[in-house]
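Below: one structure, written as C-alpha cells.
The values are calculated or read from the model by the stated rules, or taken from the named source; none is laboratory data. Nothing here was measured: the structure is a model prediction, and the numbers come from that model. As a convention, Cβ positions derive from the backbone with ideal geometry for all residues, glycine included, and neighbour counts pool all protein chains shown.
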Amino acid sequence: MKGATMPAYMIVTAKIADRDAFIQGYGMAAAKLVEQFGGRYVLRAPGAELLEGDFGDGASMVISEWPDKAAAKAFWNSPEYREVKKLREGCAECQVLLIEADSIAG
C-alpha cells in the first residue's frame, strides 16, 4: 500500500556495568518517555546469548515498537530523551538500531 506507514522497531543491546543504577535511573525515566511518544516495549530482558558476532553476549536486550519510524525518531531526537540518556553514561554501553517492519515479511 503506497503511503501506508509501517510499524518500526528500536532494538537496543546494552552491556550494563551497574544494573541497579541503570534500571532505577535511566530505565524508569526512559520507559515514561517511550509511552509518552507512542512506543511500547515488546521485550526487556537480560542475559542474551551470543550465537554469532562480537557484541552482546550476556547483554540486556530491549525491543520497542513504534507506530512508524518518524515516531521513534521523534522520541530519540527529543530534548527530553537527550536529558534521560545522560543517566546511562558510565553504567551502560549500548548499540541501538531502528528498522521498519517489512510488509512482505509476514
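Numerical summary
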quantity: Residue ID - surrounded by the fewest Cβ atoms within 10 Å (Cβ to Cβ), chosen from residues in segment 18-40 that are closer than 17 Å to residue 61 by Cα and in contact with an Asp or Glu (Cβ under 8 Å, 6 or more places away or on another chain); calculated: 40
quantity: Which numbered condition residue 89 misses (of (1) surrounded by 15 or more Cβ atoms within 10 Å (Cβ to Cβ); (2) more than 15 Å from the chain's Cα centre (by Cα)); calculated: (1)
quantity: Unique residue being exposed (fewer than 15 other Cβ atoms within 10 Å of the Cβ) and in contact (Cβ under 8 Å) with a residue 60 or more places away in the chain when the list is 5, 13; calculated: 5
quantity: Residue satisfying all of: in segment 1-19; assigned to a strand (DSSP E or B) and among the hydroxyl-bearing types (Ser, Thr, Tyr); modelled with the lowest pLDDT among these; calculated: 13
quantity: Residues being in contact (Cβ under 8 Å) with a residue 12 or more places away in the chain and either closer than 19 Å to residue 42 by Cβ or not hydrophobic (A, V, I, L, M, F, W, C) (or both) - total across segment 71-98; calculated: 18
